[in-house]
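Below is one structure, written out as structure tokens, with a few remarks after it.
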Amino acid sequence: MTLDANWAARWLIAAGDVFETERGALSELDRQIGDGDHGENLSRGFGAVRGQLRVGTLPGTPAEVLREAALTLISTVGGASGPLYGTALLRASEVIADKDALDAADVAALLRAGAAGIAQRGSAEPGDKTMLDSWLPAADAAAVAAERGEDAPAVLAAAVRAADAGAVATDDLIALRGRAAYLGERSRGHRDPGAASSALLIAAAADSL
Ligand code: ADP
Ligand code: MG
Ligand code: MG
């Protein structure tokens, strides 16, 4: 149950697995309001991350694992989601630097930093119908749970529920960032692919405990 480097590695390997499994579904979401490649992008990017972790180059802290993954995502994913996820994981790694294991407050801080990274990199605001609309509620729920004194698994569980709800809530939003923004009003009624994949990524973190 320790959130150490091995947990971080299990998280990213699980993400590689889930994005491979959900590749078709995520690309289908992206076909509705984008260019249909979101599943491919994430499957390729997190597949590369998973491959690196499997060849036994696992460094010592969770921060180092997340940082390596971030650089891989930035260099292997061509679409918007690569730099966005890369920035999220890079910022997350910075706020947990040098820690061997993460506590509840660290988990909340990691999610907060990831959300802030996406907002900054994408110039996105809450409600723009992007991956931020999954990350931000997750970070908020994690902060509340951590302040209530809940342990790291409970904080992650709260984040997962909020990320899921946030992704579902993008259905009713009009896209203001990314390719979907070109559709304007016609983007309403569809789930944002990045919000959906972010909920899967956060769920993978909880499932890897
Ligand atoms: P691309 O749009 O380049 O094909 P992807 O399909 O992999 O890239 O990713 C699309 C997702 O990226 C969107 O569903 C959205 O969640 C996210 N996204 C796109 N642009 C932005 C942005 N400016 N800020 C935040 N998230 C964004
Ligand atoms: Mg796309
Ligand atoms: Mg694309």
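Each distinct pair of alpha carbons in the stretch 2-105 adds a 1/r term; the inverse of their mean, the Kirkwood radius, is 13.8 Å. What is the angle, in °, between the Cα long axis of helix 132-147 and the longest principal axis of the Cα atoms in the chain? Nearest 10 is fine, range 0 to 90. Between helix and principal axis, roughly 40 degrees. Relative to the longest principal axis of the Cα atoms of the chain, the long axis of helix 152-169 lies at roughly 0 degrees. Other residues lying with their Cβ under 13 Å from the Cβ of residue 91 contribute a combined charge of +2, Lys and Arg counting +1, Asp and Glu -1. Here's the picture: a label point sits 7 Å out from the Cα of residue 17 along the beta-carbon direction, and within the stretch 177-209 the residues with their amide nitrogen under 19 Å of it are 197-209.
In units of the rule-of-thumb radius 2.2 N^0.38 Å, the stretch 1-43 shows an alpha carbon radius of gyration of 1.44. Between the C-alpha center of the stretch 87-142 and that of the stretch 23-55 there is a gap of 20 Å.
Hey, how much of the P(r) for the chain falls beyond 22 Å, as a percent of Cα pairs?
Values: 9039 of 21736 pairs.
Summing the P(r) of the chain above 22 Å gives 42 percent of all pairs.
Only Cα pairs under 8 Å and 6+ residues apart enter the sum, and on that basis the relative contact order of the chain stands at 23 percent.
Note on the stretch 55-108: Rg/Rh from Cα positions, Kirkwood definition for Rh, rounded to two decimals, is 1.02. Residue separation of residue 101 and residue 172 scaled by 0.36 nm, minus their Cα-Cα distance, works out to 21.7 nm of gained length. Heavy-atom accessible area, probed at 1.4 angstrom with all protein chains present, ranks 76, 130, 2, 21 as 21, 2, 76, 130, highest first.
The values are calculated or read from the model by the stated rules, or taken from the named source; none is laboratory data. Note that the structure is a prediction, hence the values are computed from the model and not measured. Positions of Cβ are backbone-derived with ideal geometry, glycine not excepted, and every protein chain shown enters the neighbour counts. Note: areas computed on protein heavy atoms with side chains; ligands, DNA, RNA excluded. Shrake-Rupley method; radii C 1.70, N 1.55, O 1.52, S 1.80 Å.
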